[in-house]
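The values are calculated or read from the model by the stated rules, or taken from the named source; none is laboratory data. None of these values were measured; they are calculated from a predicted model. Every residue, glycine as well, gets a Cβ built from its backbone with ideal geometry; the counts of neighbours run over all protein chains shown.
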Amino acid sequence: MITATKRLSFCCAHRLLGHEDKCANLHGHNYRVEIDCCTGDSLDSIGRIIDFSVIKERLGGWLDRNWDHAVLLNEIDPLVSILKQTKQIVAVMKGNPTAENMASVLFGVADDLFPGKCVSRVRVEETDGAWAEASA
């Protein structure tokens, strides 16, 4: 198996409902995302699985449109309606926007964005030394 990995980055704010410490407060991170696209042993005529610029355009574009410089919140968070009234960019998800849940969402998004390519892993790094991965 051959794997091609692309790293992307974005910034957003979040908070975790019910968290027992500081993460219950609204705060932000400079996230890094890694995506692995894989294939059996066949490469295209140029010798690659997928061009890295295609990954950047598709998944990077999705991140730019949906999560970059947004406030990412649990859909039941009371801040959702309050912040939307202030014209903040608010993105919602089922459950808390933990690195684990974000990796799971992005794994599904990436699978849809790259039909015919095997997305084998998505990693969301929240801080240096702290990340979560979703994989096939």
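Total residues in the range 6-24 satisfying the condition of being surrounded by 15 or more Cβ atoms within 10 Å (Cβ to Cβ) and in a strand (DSSP E or B): the figure is 6.
Matching residues to (1) surrounded by fewer than 19 Cβ atoms within 10 Å (Cβ to Cβ); (2) modelled with pLDDT of 95 or more; (3) more than 30 Å from D51 (Cβ to Cβ):
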{"position": "H69", "(1), (2), (3)": "yes, yes, no"}
{"position": "V80", "(1), (2), (3)": "yes, yes, yes"}
{"position": "Q88", "(1), (2), (3)": "yes, no, yes"}
{"position": "N101", "(1), (2), (3)": "no, yes, no"}
{"position": "F107", "(1), (2), (3)": "no, yes, no"}
{"position": "A130", "(1), (2), (3)": "yes, yes, yes"}
{"position": "E133", "(1), (2), (3)": "yes, yes, no"}
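Per the listing I76, I49, the residue uniquely farther than 16 Å from F10 by Cβ, crowded, with 17+ Cβ neighbours inside 10 Å, out of contact with any helix residue (DSSP H, G or I) (no Cβ under 9 Å at 6 or more places or on another chain) and not charged (D, E, K, R) is I49.
Taken together, the criteria exclude N96 from residues that are within 16 Å of R15 (Cβ to Cβ), buried (at least 18 other Cβ atoms within 10 Å of the Cβ) and out of contact with any Leu (no Cβ under 9 Å at 6 or more places or on another chain). Pairs linking a residue in the range 89-114 that is without any contact (Cβ under 8 Å) to a residue 40 or more places away in the chain and closer than 17 Å to L59 by Cβ to a residue that is assigned to a helix (DSSP H, G or I) and of a type in the set (A, V, I, L, M, F, W, C), with Cβ atoms under 8 Å and 6 or more positions apart or on different chains, are M93/M102; M93/V105.
Within this structure, P97 passes the test of being closer than 17 Å to E133 by Cβ and not basic (K, R). Contact list please: Cβ distance under 6 Å, first residue in the range 61-76 and touching a residue at least 60 places away in the same chain (Cβ under 8 Å), second residue surrounded by 16 or more Cβ atoms within 10 Å (Cβ to Cβ) and small (G, A, S), pairs at least six apart or on different chains. The qualifying pairs are L72/A91.
With respect to the numbered conditions (1) within 23 Å of A13 (Cα to Cα); (2) within 14 Å of the chain's Cα centre (by Cα); (3) of a type outside the set (D, E), which one is the sole condition not fulfilled by I55? Looking at each condition in turn, I55 falls short on (1).
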